[in-house]
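Participant: Let me begin by handing over the structure; questions about it come next.
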Amino acid sequence: MKILIADDEMIMLKIIELRLKKDGHEVIVTSNGQEAVEQIKLHDPDMIIADIMMPFTSGLEIVSLVKKGSLHRKVPIIILSSMGQENVVLEAFNLGADDYITKPFSPNELSMRVKRLAPAAKLLSKTNENFS
Amino acid sequence: MLTILTSFASTINEVLNYLLHHFFTQQMLFDTIIFFIFLIVASIAFIFLYLFRKNKRWQRKVYLQKSLNSFIGEIAICESEDELNEIFSNPDYQSVLLQFQHIGSDRNLLISELAETSKKFRGSTMENILWLFEKMELRNQLLKNLENKKWHKKAKAIQQLAYLQQKNCVDIILPFTNHENELLRAEAQIALVKMTGFEGLEFLSKVTYPVSEWQQLRLIEELSSTTCTSLGNIHEWLQSENLSVVNFALRLVEIYQQFDFYDEVKRCLSHSSMAVCKNAVLTISNISNETTADLLVAHFAGYDAFIQTKILKILQSDGTEAQLPFLFSILNHPDDSYKLEAAKAILKISDTGIVAIEELIDRNAFPWNVILPQIKNVA
């Protein structure tokens, strides 16, 4: 599966990248929201993992853009954030995020959540192929 | 404008001429100009050199961080000790690690990266980070930083020890919890709680400086992520000479519903400090029993207006018919806000309260012509 990770913290990006590569995924990394939007258009990932607080474009804006279909096809999105407040989590789910992980978290837990969303990603990918 | 400039230039010319004729020789003036030109050139050269060195250092830091990221990343996702040892002894990474063996600033960079990583991850990743911390023998570097003369370096070291869960350093951090520097003290207190949870609050028995309201909130926030295990020393804290400690202990009793300490909180109702009394009133109303309302009424007269109003509000939820005589007496209080709160309490306690109030007061006169419709609406 092709997964795009967007996070402005290098160490976070590296650890998630290595963990997902270990699971056999193809990983694209970006360090800010604007770059993430460009990479989504360019690489058409099957899943997106985005931090909320990023320069230029926030993770929530990415969710909104992807779920409205204004970037490319709809794909599952996992939001990462240090903010565990109820209103932020609810806003993310309202916009269409498929999962929400609060930092600190375990990369193994993220890996499991990616696995859980993989069937949905595949289904969305197939729907898109049939549709086009 | 032109006239002003011309007159300014002529004034300067006159001053120079005056100086030249009365104080300086032409050679002296020339030497002075040369000196100042040299000074300017030297300053510019110094600034450039400084910026060049700073840039070089920054570039080195970025390079080290980049090489560290891959290494820490690999270590972080290892699933067994064998895998950890394999990555650690990888020749490519050994050459990276060699740079972090001796130079203090580089070792500090490695510590910072590990502490930052441990803030964001948990589970096996956190354990792997701690494994690397031990393997690189970085604790000594942190302990060295604790001896630094600059307070902020000490504070950073304390913070990092906490993030890296160095529980065996608790005794070293403990004295800093009563340090004269407020920020250093605050970091040490937070660090202890972060590492050992409720046991870390032991510093409250020794702290002589005030624990600020903000610091109390930080401690409570830190405690919220741990399970309440022991608050055994609360007895001692409630009798502390440090008023902020007493107030904090009252808060803990309230938040963690420590009913066992009811009698100690009761004693605080007669404390010499009004701030402590206020918190004691709030706390006791949260761990109340059948005697609490009477107790609050008994202490009512000795309190300031703020606490008295609070008590009247508490009686609205906790009051019983036993407090009705007291509440009826408050209806004659000169302060209208007291009348309002007492009337509300009476209405909540007794079904016939409104009739009883109307018998006692003149419903058409101010303030009752305003209060009565208000409390009837609430009821």
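Participant: Out of the residues in segment B:216-234 that are surrounded by 14 or more Cβ atoms within 10 Å (Cβ to Cβ) and either in a helix (DSSP H, G or I) or at positive phi (or both), which is nearest to the chain's Cα centre (by Cα)?
Facilitator: Only one residue fits best here, namely B:Arg218.
Participant: Sticking with this structure for a sec: Would you check if there is a residue in segment B:72-94 being surrounded by fewer than 20 Cβ atoms within 10 Å (Cβ to Cβ) and closer than 24 Å to A:Ser82 by Cβ?
Facilitator: The answer is no; no qualifying residue exists.
Participant: Mind checking whether some residue in segment B:259-274 is within 26 Å of B:Ala186 (Cα to Cα) and surrounded by fewer than 19 Cβ atoms within 10 Å (Cβ to Cβ)?
Facilitator: Yes; the residues of segment B:259-274 include at least one that is within 26 Å of B:Ala186 (Cα to Cα) and surrounded by fewer than 19 Cβ atoms within 10 Å (Cβ to Cβ).
Participant: Continuing with the same structure: Just to be sure I understand, how many residues within segment A:9-32 are among the acidic types (Asp, Glu) and away from chain B (no Cβ under 12 Å)?
Facilitator: Residues flagged as among the acidic types (Asp, Glu) and away from chain B (no Cβ under 12 Å) within segment A:9-32 amount to 1.
Participant: I've got another one for you. Looking at (1) assigned to a helix (DSSP H, G or I); (2) surrounded by fewer than 17 Cβ atoms within 10 Å (Cβ to Cβ); (3) of a type in the set (D, E, K, R), find the lone condition where B:Glu180 falls short.
Facilitator: Exception for B:Glu180: condition (1).
Participant: Still on this structure: Look through B:Lys344, B:Lys348, B:Lys339, B:Lys376 and report the one residue that is without any contact (Cβ under 8 Å) to a residue 60 or more places away in the chain, among the basic types (Lys, Arg) and touching a Ser or Thr at 6+ places or on another chain (Cβ under 9 Å).
Facilitator: Exactly one residue qualifies, and that residue is B:Lys348.
Residue-wise test of (1) in contact with a Ser or Thr (Cβ under 9 Å, 6 or more places away or on another chain); (2) assigned to a helix (DSSP H, G or I); (3) more than 19 Å from B:Ala162 (Cβ to Cβ); (4) among the acidic types (Asp, Glu).
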position: B:Asn85; (1), (2), (3), (4): no, yes, yes, no
position: B:Tyr93; (1), (2), (3), (4): yes, yes, yes, no
position: B:His102; (1), (2), (3), (4): no, no, yes, no
position: B:Arg107; (1), (2), (3), (4): no, yes, no, no
position: B:Leu114; (1), (2), (3), (4): no, yes, no, no
position: B:Glu127; (1), (2), (3), (4): no, yes, no, yes
position: B:Phe133; (1), (2), (3), (4): yes, yes, no, no
position: B:Gln141; (1), (2), (3), (4): no, yes, no, no
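Participant: Evaluate the following for B:Val62: is it more than 42 Å from the chain's Cα centre (by Cα), free of Cβ contacts under 8 Å to residues at least 24 places away in the same chain and either closer than 30 Å to B:Leu130 by Cβ or part of a helix (DSSP H, G or I) (or both)?
Facilitator: Taking the combined requirement at face value, the residue does not satisfy it.
Participant: Could you please find all residues in segment B:336-371 being under 41 Å from the mean Cα position of the chain (by Cα) and either aromatic (Phe, Trp, Tyr) or in a loop (DSSP other than H, G, I, E, B) (or both)?
Facilitator: Result: B:Tyr338, single match.
Participant: Over 22 Å from A:Met12 (Cα atoms), in contact with a Ser or Thr (Cβ under 6 Å, 6 or more places away or on another chain) and either surrounded by fewer than 15 Cβ atoms within 10 Å (Cβ to Cβ) or away from chain B (no Cβ under 14 Å) (or both): which single residue out of A:Leu95, A:Leu90, A:Leu65, A:Leu42 fits that description?
Facilitator: A:Leu95
A short reminder: the numbers here are calculations on the coordinates, not readings from a lab. Being a predicted model, the structure only gives us computed values, none of them experimental. With ideal geometry, Cβ positions are generated from the backbone for all residues, glycine too; neighbour counts draw on all protein chains shown.
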